[in-house]
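Asker: Here it is, the structure, as structure tokens.
Nothing in this text is a laboratory measurement; each read-out follows from the coordinates by a stated rule. The structure presented is a predicted model; accordingly, all values stated were derived computationally and were not measured. FYI the Cβ positions are ideal-geometry reconstructions off the backbone, even for glycines, and counts take in every protein chain you see.
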Amino acid sequence: MELKGKKVLVVGLGKSGLAAALFLRRRGAQVTVSDMRSAAALAKEIPALLEHGISVESGGHGLLTFRRQDLIIVSPGVPMDTPELVQVKAFGLPVIGELELAAQFLKGSILAITGSNGKTTTTALTGEILAAAGIETQVGGNIGVPVVDLIEKSSDTSWSVLEVSSFQLESTHLFHPRIAVILNITPDHLDRHGSFENYALAKERIFTVQTAVDMLVLNADNPRTAEAAARSTAQVYWFSLENGVSQGAWVQDGQIVFRPSDNGAIEPIVALKDIPLKGAHNVENVLAAVCAARLAGAPVEAIAKAVQAFRAVEHRLEFVATVNGVDYYNDSKATNVDAAAKAVAAFPGCIHLILGGKDKNSNYADLSDLLRKRVKAVYTIGSAAEKIESQIRGLVPIVHCETLDKAVAAAAKAGHPGDVVLLSPACSSFDQFENYEHRGRVFKQLVMDLRDAQGRS
Ligand code: ADP
């Protein structure tokens, strides 16, 4: 794609939008960015953009700005049904995401990972494994580093390990991973995608451009994911926590094993007891990473070593501290019901569970069984509190807390030695916090304050 002299509009000035604008400018495009936020809210970004010769439209989108372009790059946070986008698409203007833009310039091979939950953990782990195997590797995408920022250092022999979200996949057409992974598809973002099926189909775009020389790794235990195999033209590999698979990775006799093909030999990779991450869901993440890394050519020994050295990514079932014999875990990244369910299932019982935040049209009754079996009490926070309470009423004691500090205080008061206080909110954070990282940091600080207070008493 030739960018020199092209008029390109970047819609949405998040991290990836900013990186895309600067990349386009470096390649000689005439770049404008448009964001709904006010000039005051964008005070940090605007000077750097102007300095690079990029025009800025803030405080709303002008239809004329959109019409004047040759190409539009849309940020993952901007819905595709934004009226201006719908209109320009009707005029035949190409509208793509930062991922699609970057993928056209990225050299080497792409290993892309999507799923409702476990993406960041699996992407980080897969990147670590490939690096440990001495393979030239860069990690990016939804995990924090914009994909356009990987272009410069990519080479014909390098691998880009990318975490990709349904929002990013929604606007791809040519994005072509050599290896694609779908970890799981469970309800999430229904507020934005409209229906579960639309959301699932967005995830499936990860493999639409793949051909018979490419590889697709799927979760055999997740029905909606397994079903996608029927629509793939790539070579399908499987991972499973529950059963053996024809080709791929599974658990056998307390070990993760891999088989390269139907009639290949089974390779033992690593013992479950040597995996430092907590919970069965993390074994699934390791299975997926092992399978993908093996397919990318990582040797067994390097895989085993990297898995054993890998620690939980911040805000993902992250151990915080033990205070008065109670263990505190920060799982702020659990922003949907399935993620929270997996976190609860990682502990045998005695859990004080903090739930709530901004609802995403979720069904919290899906937690019923786990709540009954493993949870001592639920502490609700945020705008989703009433809905959660009405859907789980009568199963366990519920303490209506409004805010995180009240929830931590109430849980600490009720906790006995051996109990667990778990922040795994099943909701997004935007009603009370900037993002899930902010929520997680606040939680950790509250726990540290508790510990300090205990030290003084
Ligand atoms: P993502 O990037 O997809 O949000 P993360 O690795 O950041 O995934 O994990 C987010 C949360 O999802 C974790 O805190 C955990 O509660 C849950 N989780 C992680 N892996 C899985 C999985 N394989 N299946 C279900 N839930 C998971």
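Asker: Taking Cα pairs under 8 Å and at least six residues apart, what relative contact order does the chain come out at, in percent?
Answerer: Working: 990 pairs, mean separation 48.8, N = 457.
In percent, rounded to a whole number, it is 11.
Asker: From zero outward in steps of 5 Å, how is the percent of C-alpha pairs of the stretch 355-457 spread across the bins?
Answerer: Whole-percent P(r) values from 0 Å outward: 2, 13, 23, 24, 20, 12, 5, 2, 0.
Asker: Treating the Cα atoms of the stretch 7-93 as identical point scatterers in vacuum, please give the log10 of the normalised Debye intensity I(q)/I(0) at q = 0.11, 0.22 Å⁻¹, two decimals.
Answerer: Those come out to -0.25, -1.06, one per q.
Asker: At R0 = 45 Å, how high is the FRET efficiency between LYS15 and ALA453 if r is their beta carbon distance? Nearest 0.05 is fine.
Answerer: Details: r = 37 Å, r/R0 = 0.81.
About 0.80, to the nearest 0.05.
Asker: Would you work out the charge dipole size for the stretch 376-437 about its Cα centre, treating the Cβ of every Lys and Arg as +1 and the Cβ of every Asp and Glu as -1, and quote it to the nearest 20 debye? Write out the running numbers ahead of the final one.
Answerer: Numbers: 5 positive and 8 negative charges, 68 e Å.
That gives a dipole near 320 debye.
Asker: For the chain, what is one quarter of the convex hull surface built on the Cα atoms, given in nm²?
Answerer: 22.9 nm²
Asker: Scan the chain and report its longest stretch carrying no GluC sites (Glu not before Pro) that are both in a DSSP loop and have at most 16 other Cβ atoms within 10 Å. It would help to have the intermediate numbers written out before the result.
Answerer: Values: sites that count: GLU2, GLU136, GLU152, GLU242, GLU314, GLU434.
Maximal segment without exposed cleavage sites: 3-135.
Asker: Another question about this same structure. Viscosity 1.002 mPa s, temperature 20 °C: what is the translational diffusion coefficient of the stretch 286-413 from Stokes-Einstein with a Kirkwood Rh over Cα pairs, rounded to a whole number of µm²/s? Spell out each step's value before the answer.
Answerer: Working: Rh = 16.3 Å.
It diffuses with D of about 131 µm²/s by this estimate.
Asker: Continuing with the same structure: Where the Cα atoms of the stretch 100-309 are projected onto their three principal axes, how long is each span, largest first, in whole Å?
Answerer: 42, 38, 33
Asker: Tell me, what are the semi-axes, in whole angstrom and largest first, of the equivalent ellipsoid of the stretch 67-152 as set by the roots of 5 times the Cα gyration tensor eigenvalues?
Answerer: Equivalent ellipsoid semi-axes, largest first: 31, 15, 8 Å.
Asker: A further question on this structure: The stretch 184-322: percent of C-alpha pairs farther apart than 22 Å?
Answerer: The answer is 44 percent, as a whole percent.
Asker: Does a label point 7 Å from the Cα of ASN324, set along Cα-to-beta-carbon, have any residues of the stretch 394-408 with amide nitrogen under 13 Å, and which are they?
Answerer: Answer for the stretch 394-408: 408.
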